[in-house]
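Everything below concerns the one structure shown next.
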Amino acid sequence: MRRLLAGLWLMAAAPLTAQEFTTLKGHGGPVMGLSVLPGEAVASASFDNSVGLWRDRTPRWLEGHDAAVVAVTPLGDGRIASGGDDFAVIVWDSETGDNRRLEGHKGKVAGLAVSPDGAWIASASWDGTIGLWPVAGGAARFLGGHDGPVTDVAFGPGGARLYSTSADGTLRAWDWQDADAPPRVLHDQGFGINKLVLGPQAAWIAYGAVDGATRVIAPETGREIADFTLDRRPVLALAHHPGTGQIAAGDGQGYIMVIDTRDWAITRDFKAMARGPVWALAFSSDGRTLYAGGLSEVVYGWPVTMLDAFDPAGETEHSFLRPPDEMENGERQFMRKCSICHALTPPPSRKAGPTLHGVFGRQAGSVPGYPYSPNLADSDIVWTDETIDALFDLGPDHYIPGSKMPMQRITAPQDREDLVAYLRRATE
C-alpha cells in the first residue's frame with residue numbers, strides 16, 4: 001500500500017519535476033561523493049574511478065583518477081575539483097573535461113573545500129595533513145597537526161579560518177594564513193569524526209562521528225548546542241542547505257536524518273537505502289530535493305517533504321545476481337569478492353577494474369585502455385587456474401605488491417577452486 005500511494009502521488013505531481021523521485025544510473029561502482037553545481041547539474045564521485053556530471057539525468061564522464069573518487073566540489077567559473085584514493089586532487093573544466101592534477105599527498109583525499117573567494121582548495125587527507133592548493137596554480141602548502149587521518153575540511157566566513165576533523169577524534173580550527181599559528185582543538189569526541197558542516201556566519205558546526213554521534217557545537221568555545229545522536233553508527237555523510245536551514249545526516253545502516261536548524265529539531269528520519277550505508281548527500285539548489293549515494297551504482301534523489309513516502313532505495317536490487325542461497329559457491333565467491341570492480345562481459349565496462357571477459361590465458365595488465373599500475377603492467381603473470389588460485393590464496397597485496405587490487409583473500413581451498421571453475425565458464 002505504501003508503494004502504491006507513493007506511485008499515485010508521483011503521478012499527481014508529475015509536472016513538478018523537482019518533486020519527483022530521481023534515479024541517476026550509469027556508474028560502474030558505489031557512489032562516494034555528491035555535489036550540486038550551478039544550473040542544477042549533479043556531480044557524483046564513484047568507486048569506478050570517475051566523476052559523473054548529470055544534466056537532465058544524462059551523464060558525462062570525467063576520467064582521470066587512478067582509483068576511487070570520493071569527494072567532489074564546485075569551484076565556480078565552470079570548474080570543479082575532485083579527490084580520491086589515488087592521493088590526487090584534480091581540477092576539471094566541467095564543459096571540456098580538461099584537467100589539472102594536483103599531487104603531493106601521501107594518502108587518500110577524503111574531503112575538499114573551496115575558500116569563499118574561490119582562490120584556494122583545501123584537501124583533507126589520510127596522510128594526516130591538510131593540503132592548501134592555489135586554484136590559479138603554484139606551490140601547495142601542507143598543514144600538519146592531527147594525530148590521524150584528516151577526514152573533512154571547511155572554510156569559515158572570509159576564508160581566514162579553516163576547520164578540520166580527523167580519525168583522531170578532534171575537531172580543530174586553523175588560522176592557516178599565519179604559518180606560525182598552531183591549530184586549536186575545539187572539541188575532542190573521543191571517536192573518529194568523519195564529516196562536518198559549518199552554519200551561516202559560522203554560527204555553529206555540526207559533525208558526524210564513528211560512534212554514531214551527530215552533534216552541533218559553537219565554533220569559538222566548543223559548547224554543545226544540540227545532540228541528535230541515535231543508535232546507528234557510523235555517521236558517514238552530512239549536507240547543509242543554508243536557504244532552508246536543513247542538515248541531512250547519513251549513516252552506515254542506510255538511514256538519513258533531516259534536522260531543522262531553526263529550532264534544532266529532527267523533521268524526518270527514514271530508511272533510505274535497502275542495503276549498505278549512505279556515503280554521500282547533497283541538497284538541490286532550492287533545498288527541495290535530497291540526493292544520496294551509497295553501495296548501489298545509482299544516485300537517488302527524493303523530494304524532502306515526501307521522504308518517508310518511499311520504500312528504501314534499491315530494495316528490489318540484490319548484492320548478488322540472484323539471492324545467495326540460489327547460487328553455486330563459485331558464483332557466490334565472485335559476487336562477494338570480485339563483482340564490485342570487475343565485469344564478466346566484453347569491454348567497455350564502467351567498473352573500477354578491467355573486465356574479466358577472456359581472462360584465462362591473458363597476460364596480466366593487457367586489457368587495452370585500462371590504466372594499470374606499473375607493477376601489474378610490467379609483470380610476467382599469465383592468468384591461469386593456478387595464478388588466479390595463488391592471487392586469492394596469498395592476497396593481491398602479497399602476490400602483486402603495489403597493484404591497485406584491494407587487500408583480500410579467500411582462505412578455503414574449495415572456495416578458490418569453485419571460484420576458478422565459475423570464472424572458467426563465465427568468462428569464455
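The values are calculated or read from the model by the stated rules, or taken from the named source; none is laboratory data. The structure presented is a predicted model; accordingly, all values stated were derived computationally and were not measured. Because the Cβ atoms are built from the backbone with ideal geometry, glycine has one as well, and the counts that use them run over all protein chains shown.
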* Structure fact -> For segment 396-420 the number of residues that are assigned to a loop (DSSP other than H, G, I, E, B), out of contact with any Pro (no Cβ under 9 Å at 6 or more places or on another chain) and crowded, with 18+ Cβ neighbours inside 10 Å is 2
* Asked: Does segment 105-118 contain any residue that is at pLDDT below 95 and buried (at least 20 other Cβ atoms within 10 Å of the Cβ)?
  -> no
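Please determine, by comparing only the residues of segment 338-387 that are of a type in the set (D, E, K, R) and part of a loop (DSSP other than H, G, I, E, B), which one is surrounded by the most Cβ atoms within 10 Å (Cβ to Cβ).
Within segment 338-387, the match that is surrounded by the most Cβ atoms within 10 Å (Cβ to Cβ) is K351.
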* Please indicate, with yes or no, whether at least one residue in segment 267-279 is of a type in the set (A, V, I, L, M, F, W, C), modelled with pLDDT of 95 or more and touching a His at 6+ places or on another chain (Cβ under 6 Å). => no
* Can you tell me which of P134, P182 is surrounded by fewer than 16 Cβ atoms within 10 Å (Cβ to Cβ) and either outside the structural domain of A45 (by TED's automatic domain parsing) or more than 28 Å from V210 (Cβ to Cβ) (or both)? -> P134
* Return the total of residues in segment 224-246 being modelled with pLDDT of 95 or more, more than 20 Å from the chain's Cα centre (by Cα) and either under 13 Å from D188 (Cα atoms) or not hydroxyl-bearing (S, T, Y) (or both). => 9
* **Test set (1) out of contact with any Lys or Arg (no Cβ under 9 Å at 6 or more places or on another chain); (2) of a type in the set (A, V, I, L, M, F, W, C); (3) surrounded by fewer than 17 Cβ atoms within 10 Å (Cβ to Cβ) - I225 fails condition number** => (1)
* Asked: Of these, G97, G33, G39, which one is in a loop (DSSP other than H, G, I, E, B), of a type outside the set (D, E, K, R) and within 26 Å of S349 (Cβ to Cβ)?
  -> G97
* Asked: Can you tell me which residues in segment 56-77 are small (G, A, S) and either closer than 23 Å to G301 by Cα or buried (at least 19 other Cβ atoms within 10 Å of the Cβ) (or both)?
  -> G64, A68, A71
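Condition check ((1) touching a strand residue (DSSP E or B) at 6+ places or on another chain (Cβ under 7 Å); (2) closer than 30 Å to W174 by Cβ; (3) surrounded by fewer than 16 Cβ atoms within 10 Å (Cβ to Cβ)) across all residues:
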{"residue": "T214", "(1), (2), (3)": "yes, yes, no"}
{"residue": "L236", "(1), (2), (3)": "yes, yes, no"}
{"residue": "Q253", "(1), (2), (3)": "no, no, no"}
{"residue": "T261", "(1), (2), (3)": "yes, yes, no"}
{"residue": "A272", "(1), (2), (3)": "yes, no, no"}
* Only one of these is more than 24 Å from the chain's Cα centre (by Cα), touching a residue at least 40 places away in the same chain (Cβ under 8 Å), assigned by TED's automatic domain parsing to the domain that holds R60 and crowded, with 22+ Cβ neighbours inside 10 Å: W92, W174. Name it. => W174
